[in-house]
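The values are calculated or read from the model by the stated rules, or taken from the named source; none is laboratory data. Source: prediction; values computed, not measured. Using ideal geometry, Cβ is built from the backbone for each residue, glycine included, and neighbour counts are taken over all protein chains shown. Surface accessibility is based on the protein's heavy atoms, side chains included, excluding ligands, DNA and RNA. Shrake-Rupley method; radii C 1.70, N 1.55, O 1.52, S 1.80 Å.
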Amino acid sequence: MFLDRDGVVIEEVSYLSSMKHLALFPWTTDAIRALNRAGLPVVVITNQSGIARGFFTEAFVDEVHREISARLAAGGARIEAYYYCPHHPDGRVAEYARSCDCRKPGPGLIDRAARDLNLDPARSFVVGDKWSDVELARAAGARGVLVRTGHGAEQSRDRGGRAAADAIVDNLAAAASWILKSLKSEV
Ligand SMILES: [Mg+2]
Ligand SMILES: [Zn+2]
(Lines give C-alpha, C1' and ligand atoms only; values in the text may rest on other atoms or scores of the structure.)
(Ligands and ions follow the chains in the order given, each with its own letter.)
Protein backbone atom coordinates (compact mmCIF):
# COMPACT_ATOMS: atom_id res chain seq x y z
CA MET A 1 0.00 0.00 0.00
CA PHE A 2 1.70 3.18 -1.18
CA LEU A 3 0.26 6.38 0.25
CA ASP A 4 1.05 9.89 -0.86
CA ARG A 5 1.68 12.07 2.19
CA ASP A 6 0.44 15.63 1.71
CA GLY A 7 -3.30 15.84 1.10
CA VAL A 8 -3.75 12.11 1.80
CA VAL A 9 -2.26 11.19 5.20
CA ILE A 10 -1.90 14.79 6.45
CA GLU A 11 -3.52 18.06 5.47
CA GLU A 12 -2.08 19.76 2.39
CA VAL A 13 -0.52 23.03 3.55
CA SER A 14 1.75 23.75 0.55
CA TYR A 15 5.35 23.02 1.68
CA LEU A 16 4.98 21.93 5.29
CA SER A 17 7.90 23.73 6.92
CA SER A 18 6.81 24.00 10.53
CA MET A 19 5.71 21.24 12.87
CA LYS A 20 2.86 23.41 14.11
CA HIS A 21 1.13 23.06 10.74
CA LEU A 22 1.28 19.28 10.80
CA ALA A 23 -2.24 17.83 11.01
CA LEU A 24 -3.39 14.29 10.38
CA PHE A 25 -6.87 14.01 8.93
CA PRO A 26 -9.36 12.85 11.60
CA TRP A 27 -9.74 9.46 9.83
CA THR A 28 -6.05 8.83 9.07
CA THR A 29 -5.21 6.68 12.09
CA ASP A 30 -8.28 4.45 11.76
CA ALA A 31 -7.76 3.99 8.03
CA ILE A 32 -4.10 3.00 8.37
CA ARG A 33 -4.87 0.70 11.30
CA ALA A 34 -7.50 -1.07 9.17
CA LEU A 35 -4.89 -1.62 6.45
CA ASN A 36 -2.38 -2.84 9.07
CA ARG A 37 -4.90 -5.34 10.40
CA ALA A 38 -5.44 -6.71 6.92
CA GLY A 39 -1.69 -7.43 6.87
CA LEU A 40 -0.87 -4.84 4.19
CA PRO A 41 2.47 -3.04 4.56
CA VAL A 42 1.76 0.71 4.44
CA VAL A 43 4.51 2.82 2.85
CA VAL A 44 4.53 6.60 2.32
CA ILE A 45 5.96 7.91 -0.95
CA THR A 46 6.18 11.68 -1.25
CA ASN A 47 7.71 14.40 -3.41
CA GLN A 48 9.42 16.90 -1.12
CA SER A 49 10.85 19.42 -3.56
CA GLY A 50 10.81 21.94 -0.70
CA ILE A 51 14.21 20.44 0.13
CA ALA A 52 15.63 21.34 -3.29
CA ARG A 53 13.92 24.73 -3.09
CA GLY A 54 15.60 25.45 0.24
CA PHE A 55 12.35 25.70 2.23
CA PHE A 56 13.37 22.95 4.67
CA THR A 57 15.99 20.26 5.17
CA GLU A 58 16.02 16.47 4.92
CA ALA A 59 16.45 16.42 8.71
CA PHE A 60 13.19 18.33 9.09
CA VAL A 61 11.35 15.93 6.77
CA ASP A 62 12.67 13.00 8.84
CA GLU A 63 11.46 14.76 11.98
CA VAL A 64 7.98 15.20 10.46
CA HIS A 65 7.89 11.51 9.62
CA ARG A 66 8.87 10.55 13.17
CA GLU A 67 6.11 12.79 14.50
CA ILE A 68 3.50 11.30 12.11
CA SER A 69 4.53 7.82 13.23
CA ALA A 70 4.32 8.78 16.91
CA ARG A 71 0.80 10.14 16.46
CA LEU A 72 -0.25 7.03 14.54
CA ALA A 73 1.30 4.74 17.16
CA ALA A 74 -0.86 6.40 19.83
CA GLY A 75 -3.84 5.02 17.89
CA GLY A 76 -2.30 1.64 17.14
CA ALA A 77 -1.47 2.37 13.49
CA ARG A 78 1.86 1.97 11.75
CA ILE A 79 3.64 3.14 8.61
CA GLU A 80 6.33 0.68 7.57
CA ALA A 81 8.62 3.18 5.85
CA TYR A 82 8.80 6.64 4.30
CA TYR A 83 10.41 7.34 0.94
CA TYR A 84 10.72 10.87 -0.38
CA CYS A 85 12.19 12.63 -3.39
CA PRO A 86 14.18 15.72 -2.30
CA HIS A 87 14.95 16.84 -5.86
CA HIS A 88 13.68 19.40 -8.30
CA PRO A 89 15.25 20.52 -11.58
CA ASP A 90 14.64 24.19 -10.66
CA GLY A 91 15.83 23.84 -7.06
CA ARG A 92 18.30 26.34 -5.63
CA VAL A 93 20.12 23.94 -3.31
CA ALA A 94 22.84 22.63 -5.60
CA GLU A 95 23.01 19.03 -4.39
CA TYR A 96 19.27 18.51 -5.01
CA ALA A 97 18.80 20.68 -8.11
CA ARG A 98 18.53 18.05 -10.79
CA SER A 99 16.09 15.84 -12.58
CA CYS A 100 15.85 12.36 -11.15
CA ASP A 101 13.86 9.18 -11.48
CA CYS A 102 12.37 9.38 -7.99
CA ARG A 103 10.20 12.47 -8.38
CA LYS A 104 6.68 11.09 -8.86
CA PRO A 105 5.35 10.11 -11.36
CA GLY A 106 8.86 8.66 -11.86
CA PRO A 107 9.04 5.11 -10.53
CA GLY A 108 12.15 5.52 -8.33
CA LEU A 109 10.46 5.62 -4.93
CA ILE A 110 8.29 2.57 -5.60
CA ASP A 111 11.28 0.70 -7.06
CA ARG A 112 13.34 1.40 -3.94
CA ALA A 113 10.56 0.47 -1.54
CA ALA A 114 9.77 -2.71 -3.46
CA ARG A 115 13.41 -3.73 -3.32
CA ASP A 116 13.94 -2.84 0.36
CA LEU A 117 10.71 -4.35 1.62
CA ASN A 118 10.30 -7.15 -0.88
CA LEU A 119 6.99 -5.86 -2.26
CA ASP A 120 5.39 -6.63 -5.60
CA PRO A 121 4.31 -3.37 -7.27
CA ALA A 122 1.89 -5.28 -9.50
CA ARG A 123 -0.05 -6.33 -6.41
CA SER A 124 0.08 -2.89 -4.84
CA PHE A 125 -2.14 0.16 -4.62
CA VAL A 126 -1.17 3.81 -4.82
CA VAL A 127 -3.41 6.35 -3.08
CA GLY A 128 -2.86 10.00 -3.97
CA ASP A 129 -4.52 13.37 -4.38
CA LYS A 130 -2.97 14.08 -7.79
CA TRP A 131 -3.19 12.50 -11.22
CA SER A 132 0.57 12.09 -11.10
CA ASP A 133 0.02 9.55 -8.30
CA VAL A 134 -2.40 7.65 -10.53
CA GLU A 135 0.08 7.84 -13.42
CA LEU A 136 2.73 6.40 -11.14
CA ALA A 137 0.40 3.53 -10.23
CA ARG A 138 -0.17 2.84 -13.94
CA ALA A 139 3.55 2.89 -14.69
CA ALA A 140 4.27 0.49 -11.82
CA GLY A 141 1.47 -1.89 -12.78
CA ALA A 142 -0.29 -1.07 -9.51
CA ARG A 143 -3.84 0.10 -8.99
CA GLY A 144 -4.39 3.83 -8.48
CA VAL A 145 -6.92 5.51 -6.22
CA LEU A 146 -7.49 9.26 -6.30
CA VAL A 147 -8.83 10.92 -3.14
CA ARG A 148 -10.73 14.21 -3.10
CA THR A 149 -8.83 15.64 -0.12
CA GLY A 150 -5.86 17.99 -0.61
CA HIS A 151 -5.49 18.83 -4.31
CA GLY A 152 -7.92 16.01 -5.09
CA ALA A 153 -11.07 18.12 -5.09
CA GLU A 154 -9.84 20.23 -7.97
CA GLN A 155 -7.88 17.39 -9.66
CA SER A 156 -10.87 15.03 -9.70
CA ARG A 157 -12.85 17.54 -11.75
CA ASP A 158 -10.44 17.47 -14.66
CA ARG A 159 -8.51 14.42 -15.73
CA GLY A 160 -6.95 16.25 -18.65
CA GLY A 161 -6.50 13.13 -20.77
CA ARG A 162 -4.49 11.26 -18.17
CA ALA A 163 -4.88 7.59 -17.25
CA ALA A 164 -8.10 6.76 -15.45
CA ALA A 165 -8.06 5.98 -11.74
CA ASP A 166 -9.32 2.60 -10.55
CA ALA A 167 -11.42 4.55 -8.06
CA ILE A 168 -12.06 8.16 -7.08
CA VAL A 169 -13.17 8.43 -3.46
CA ASP A 170 -13.67 11.10 -0.80
CA ASN A 171 -10.64 10.44 1.41
CA LEU A 172 -8.15 7.92 2.78
CA ALA A 173 -10.83 6.19 4.87
CA ALA A 174 -12.93 5.54 1.76
CA ALA A 175 -9.81 4.49 -0.15
CA ALA A 176 -8.93 1.94 2.55
CA SER A 177 -12.48 0.53 2.47
CA TRP A 178 -12.42 0.32 -1.32
CA ILE A 179 -9.06 -1.45 -1.31
CA LEU A 180 -10.01 -3.92 1.42
CA LYS A 181 -13.24 -4.70 -0.40
CA SER A 182 -11.54 -5.28 -3.73
CA LEU A 183 -8.94 -7.55 -2.11
CA LYS A 184 -11.68 -9.55 -0.44
CA SER A 185 -13.51 -10.03 -3.72
CA GLU A 186 -10.32 -11.45 -5.25
CA VAL A 187 -9.98 -14.41 -2.87
MG1 LIG B 1 -0.28 15.04 -2.34
ZN1 LIG C 1 14.21 12.57 -6.84
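Its relative contact order, with pairs defined as Cα atoms under 8 Å and 6+ residues apart, puts the chain at 22 percent.
With helices as the sole contributors, the chain gives -10500 deg cm²/dmol at 222 nm; each DSSP H run of n ≥ 4 counts as -39500 (n - 2.57), and the sum is divided by every residue.
Counting only protein heavy atoms and a 1.4 Å probe, the chain has 47 square angstrom of accessible area per residue.
The modelled label-to-label distance between Glu95 and Met19, using points 7 Å beyond Cα along the C-beta direction, is 2.3 nm. Quick one: Kirkwood hydrodynamic radius for the range 132-182, alpha-carbon pairs, angstrom, one decimal? This gives a value of 11.1 Å. Of the peptides 1-12, 118-129, the ranking by mean beta-carbon count within 10 Å, highest at the top, reads 1-12, 118-129.
Put one equal scatterer on each alpha carbon of the range 116-157, apply the Debye formula with no solvent term, and list log10 I(q)/I(0) at q = 0.32 1/Å to two decimals. For the range 116-157 at q = 0.32 Å⁻¹, log10 I(q)/I(0) is -0.98.
Shown for the range 2-63: the carbon plus sulfur share of the solvent-accessible area, taken with all protein chains present and a 1.4 angstrom probe, equals 51%. For the chain, the Kirkwood hydrodynamic radius from C-alpha pairs, put into Stokes-Einstein at 37 °C and a viscosity of 0.692 mPa s, yields a diffusion coefficient of 199 µm² per second.
Remark on the chain: Cys100 stand apart, with no other cysteine beta carbon under 4.7 Å. Report note on the peptides 161-169, 46-54: ranked by the mean count of other C-beta atoms within 10 Å, highest first, their order is 46-54, 161-169.
What the Kirkwood sum gives for the range 55-157 is a hydrodynamic radius of 15.2 Å, with every pair of different alpha carbons counted.
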